[in-house]
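Reviewing the structure listed below.
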């Protein structure tokens with residue numbers, strides 16, 4: 001309980017009774033209402049819900065990214081460090097050493113003015129004080145690790161010369177550069193085509209195995225979550241309405257909202273009412 | 001190679017065309033304006049008709065307009081800008097002696113504009129609140145105040161009342177010149193610095209809201225790294241484009257500032273020359289100003305793909 005060694009064995013991310021309010025008085029809005037969530041090393045936890053359900057906001061609290069003027073209560077522990085009410089120093093430490101985040105639109109989230117190599121190296125150079133040469137070597141092996149071909153050449157190119165899928169790999173490489181224990185993926189595959197989506201999910205699963213990463217995966221796609229995650233939390237209006245092992249939630253949903261989400265899946269619609277397409281006869 | 005050389009050749013060609021067109025327009029304007037150069041020259045003195053005629057002959061003043069222009073142009077093409085009517089001195093020599101003062105004044109003002117405008121602009125964008133509000137109010141006033149008013153206000157406060165800076169002259173030696181040129185440079189810089197400040201502020205507010213800046217925050221970069229290492233790189237692009245225009249535009253404002261502060265630069269020379277219809281000088285000074293304008297635009301255009309990687313794919317400058 002008191003030793004820091006024990007904390008390593010506990011969940012990498014744990015939130016309890018997490019509440020987030022924005023605005024004041026009459027116009028105050030509760031964005032999160034008692035969210036409890038945990039993710040251990042080597043585990044992929046899916047956070048599923050529709051837009052505005054608070055899933056991304058929950059994820060952001062784990063790196064101290066609450067909106068301006070928001071009031072946060074409850075608990076967010078990242079590798080045992082409490083972030084609710086934490087000072088800037090503590091937040092920076094979590095961002096630099098423990099958690100990393102990837103986003104829905106890598107084209108917007110990768111700095112368009114930096115070459116790929118410089119962008120990925122920045123994490124090591126700015127937060128670890130590595131030399132340019134040392135960081136550059138590490139960048140090549142990181143780009144290789146996330147499955148990008150010809151990393152030496154790629155490091156010299158600019159983001160606009162790469163596809164969205166490649167940029168998401170670059171994003172992941174830069175997230176991995178500081179050897180985080182927790183990877184937060186905010187709709188990280190939503191903007192990608194199906195094939196690329198599958199590749200990125202495969203990559204995340206591999207990284208979970210190889211690096212023992214704890215991954216929290218935010219998505220509105222319950223199918224995808226069921227196929228890729230170990231456990232799923234379903235969120236609605238800032239509340240976790242259902243949680244459990246991925247397949248269980250997917251196959252035997254208990255909460256009506258989960259059932260509604262499942263019914264809205266295009267794959268289900270197709271299964272129940274197959275579209276007659278030319279050549280079916 | 002030719003892919004790079006051809007646009008450059010086109011640039012040089014268009015520069016020549018712009019210079020030709022402006023020189024014609026200025027020449028025409030001088031021709032149409034009332035009064036004749038020799039009457040300014042001999043002002044008040046009794047001069048024989050022969051002397052007057054000699055001056056008229058020397059400057060081809062009795063020729064028709066077009067042939068006057070062509071004669072002048074022919075000289076310019078051969079590097080001969082003619083003799084100043086009022087100073088009886090080669091125009092090139094005259095201008096060469098005036099350029100250092102103006103160059104130093106404009107350079108001084110440019111440094112003030114960029115340093116103050118960009119620093120305060122970034123600060124306002126980052127801090128917002130009171131700093132931002134103050135910057136907006138002060139820059140609005142600065143933009144709306146004509147440079148001659150600023151010049152007089154500065155003179156009366158810092159030169160006459162407080163006596164910190166000289167009110168007149170350009171000084172000798174670098175340090176002394178800098179001291180003499182401080183008030184003129186501030187007067188010259190003020191409204192442009194305000195414009196650069198506002199542009200920097202708006203652009204940086206936009207840049208600080210960009211997703212890739214959020215990425216830098218999530219990666220745990222320090223605030224100054226986020227601002228100067230990430231947001232500034234993109235935020236400064238519109239400012240560079242503006243700075244080229246603003247700084248070359250200073251050459252026009254120097255006419256006022258140099259006159260108010262009694263500086264012997266290009267600007268005050270132009271004013272004197274226009275007053276007495278000393279057309280070889282007017283032409284030469286205006287050609288210099290136009291050339292600086294066009295060239296600084298060229299530099300900004302060439303710089304753009306350097307600053308904006310996404311513009312490079314489309315084959316260099318527009």
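Figures for the structure shown
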item: Enumeration of residues in the stretch A:52-78 that are outside any helix (DSSP H, G or I), crowded, with 22+ Cβ neighbours inside 10 Å and away from chain B (no Cβ under 14 Å); result: A:53, A:54, A:76
item: Selection count, the stretch B:196-212, where residues are within 11 Å of another protein chain (Cβ to nearest Cβ), surrounded by fewer than 21 Cβ atoms within 10 Å (Cβ to Cβ) and in a helix (DSSP H, G or I); result: 1
item: Failed item, numbered, when residue A:194 is tested on (1) closer than 20 Å to residue A:262 by Cα; (2) touching a helix residue (DSSP H, G or I) at 6+ places or on another chain (Cβ under 9 Å); result: (2)
item: Residue list for the stretch A:106-123, restricted to those being part of a loop (DSSP other than H, G, I, E, B) and either closer than 24 Å to residue A:137 by Cβ or more than 8 Å from every other protein chain (Cβ to nearest Cβ) (or both); result: A:110, A:111, A:113, A:114, A:115
item: Some residue of the stretch B:225-238 being within 13 Å of another protein chain (Cβ to nearest Cβ), out of contact with any helix residue (DSSP H, G or I) (no Cβ under 9 Å at 6 or more places or on another chain) and surrounded by fewer than 22 Cβ atoms within 10 Å (Cβ to Cβ); result: no
item: Options B:216, B:185: the member that is in a helix (DSSP H, G or I) and either closer than 12 Å to residue B:121 by Cβ or within 14 Å of another protein chain (Cβ to nearest Cβ) (or both); result: B:216
item: Whichever residue in the stretch A:92-102 is touching a residue at least 12 places away in the same chain (Cβ under 8 Å) and at the interface with another protein chain (Cβ under 7 Å from one of its Cβ atoms) and, among such residues, is surrounded by the fewest Cβ atoms within 10 Å (Cβ to Cβ); result: A:96
item: Count - residues of the stretch A:198-223 that are closer than 23 Å to residue A:54 by Cα, free of Cβ contacts under 8 Å to residues at least 60 places away in the same chain and surrounded by fewer than 20 Cβ atoms within 10 Å (Cβ to Cβ); result: 1
item: Matching residues, the stretch A:87-105, being outside any helix (DSSP H, G or I) and more than 25 Å from residue A:167 (Cβ to Cβ); result: A:87
item: Which listed residue is surrounded by 15 or more Cβ atoms within 10 Å (Cβ to Cβ), touching a strand residue (DSSP E or B) at 6+ places or on another chain (Cβ under 6 Å) and either assigned by TED's automatic domain parsing to the domain that holds residue B:109 or at negative phi (or both), from B:150, B:218; result: B:218
item: Only one of A:181, A:157, A:169 that is within 12 Å of another protein chain (Cβ to nearest Cβ) and either under 25 Å from residue A:60 (Cα atoms) or surrounded by fewer than 18 Cβ atoms within 10 Å (Cβ to Cβ) (or both); result: A:157
item: Residue B:87, sole failed condition from (1) closer than 30 Å to residue B:198 by Cα; (2) under 27 Å from the mean Cα position of the chain (by Cα); result: (1)
item: Conditions (1) away from every other protein chain (no Cβ under 14 Å); (2) in contact with a helix residue (DSSP H, G or I) (Cβ under 7 Å, 6 or more places away or on another chain); (3) within 30 Å of residue B:230 (Cβ to Cβ); number of the one not met by residue A:49; result: (3)
item: Flag for residue B:6 being farther than 16 Å from residue B:287 by Cβ and exposed (fewer than 13 other Cβ atoms within 10 Å of the Cβ); result: yes
item: Residue within the stretch A:135-151 that is within 12 Å of chain B (Cβ to nearest Cβ), part of a helix (DSSP H, G or I) and more than 19 Å from residue B:224 (Cα to Cα) present; result: no
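The values are calculated or read from the model by the stated rules, or taken from the named source; none is laboratory data. Just so it is clear, the structure is predicted and the values come from calculations on it, not from any experiment. Cβ coordinates were reconstructed from backbone atoms using ideal geometry, including for glycine residues, and neighbour counts include every protein chain displayed.
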